[in-house]
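This report concerns only the one structure given below.
The values are calculated or read from the model by the stated rules, or taken from the named source; none is laboratory data. Values in this document were obtained by computation on a predicted structure and should not be read as measured data. Reconstructed Cβ throughout: ideal geometry from the backbone, glycine too, with neighbour counts over all protein chains shown.
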Amino acid sequence: MAERIESLKAGILAGLCLIIAFFLTNLVNNLVLATNFEQFATLATDLLSLQSFLSAGIVCFCGLLFGVTYRYIIRADKNPQLKAGGVLAFGLVRGLTQLEVGLSDSRGVLPFVVLGVESILCFGLAAFFLDTAMQLGWIKPFQGS
């Protein structure tokens, strides 16, 4: 039961990190990219729309899954390849899906490349905070049996 609680704590922390990163990247997209660069105009979204809240829920759920999985991936190891692999696995799955949508969009793929890079950075940020929480003892790494 203690392992499940630690996994839940990791999932909640990662979910919160991804939600915060989601709103920050949307804010940057709206205020900087969409207003200053015509090719990024499609990145502008209404932050208080139903679509944004649905996207935020999906991002939060992805963060929860990432946090739980990341804790099991890295265990008590100090292997940087495992950490980077976990981040890239989640970030690329989300980012490449966004890129695939962009390939079918006639307005261009560049905004979707930005969204893909943002996905990888968001999961990297969540991994950083999970690692920090584990170093501080707030979340215990998975020990195995």
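The single condition from (1) touching a residue at least 12 places away in the same chain (Cβ under 8 Å); (2) out of contact with any Lys or Arg (no Cβ under 6 Å at 6 or more places or on another chain) that Leu24 fails is (1). Restricting attention to the stretch 78-106, the residues that are acidic (Asp, Glu) and touching a Pro at 6+ places or on another chain (Cβ under 9 Å) total 1. Considering every residue within the stretch 68-75, establish whether at least one is out of contact with any helix residue (DSSP H, G or I) (no Cβ under 6 Å at 6 or more places or on another chain) and on the phi > 0 side of the Ramachandran plot. So far as the stretch 68-75 goes, yes, one or more of its residues are out of contact with any helix residue (DSSP H, G or I) (no Cβ under 6 Å at 6 or more places or on another chain) and on the phi > 0 side of the Ramachandran plot.
One line per residue, one yes/no per condition, for (1) part of a helix (DSSP H, G or I); (2) of a type in the set (Gly, Ala, Ser); (3) farther than 15 Å from Glu6 by Cα:
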{"residue": "Ala76", "(1), (2), (3)": "no, yes, no"}
{"residue": "Glu100", "(1), (2), (3)": "yes, no, yes"}
{"residue": "Arg107", "(1), (2), (3)": "no, no, yes"}
{"residue": "Phe112", "(1), (2), (3)": "yes, no, yes"}
{"residue": "Ser119", "(1), (2), (3)": "yes, yes, yes"}
{"residue": "Ala126", "(1), (2), (3)": "yes, yes, yes"}
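Scanning the stretch 25-63 for residues that are surrounded by fewer than 18 Cβ atoms within 10 Å (Cβ to Cβ), of a type in the set (Gly, Ala, Ser) and in a helix (DSSP H, G or I) yields a count of 5.
So how many residues does the stretch 80-97 have that are closer than 15 Å to Glu118 by Cα and buried (at least 19 other Cβ atoms within 10 Å of the Cβ)? The qualifying residues number 5.
Screening the stretch 1-59 for residues that are modelled with pLDDT under 85 and acidic (Asp, Glu) and picking the one that is nearest to the chain's Cα centre (by Cα) gives Asp46. The set of residues in the stretch 64-79 being polar (S, T, N, Q) and surrounded by 13 or more Cβ atoms within 10 Å (Cβ to Cβ) consists of Thr69 alone.
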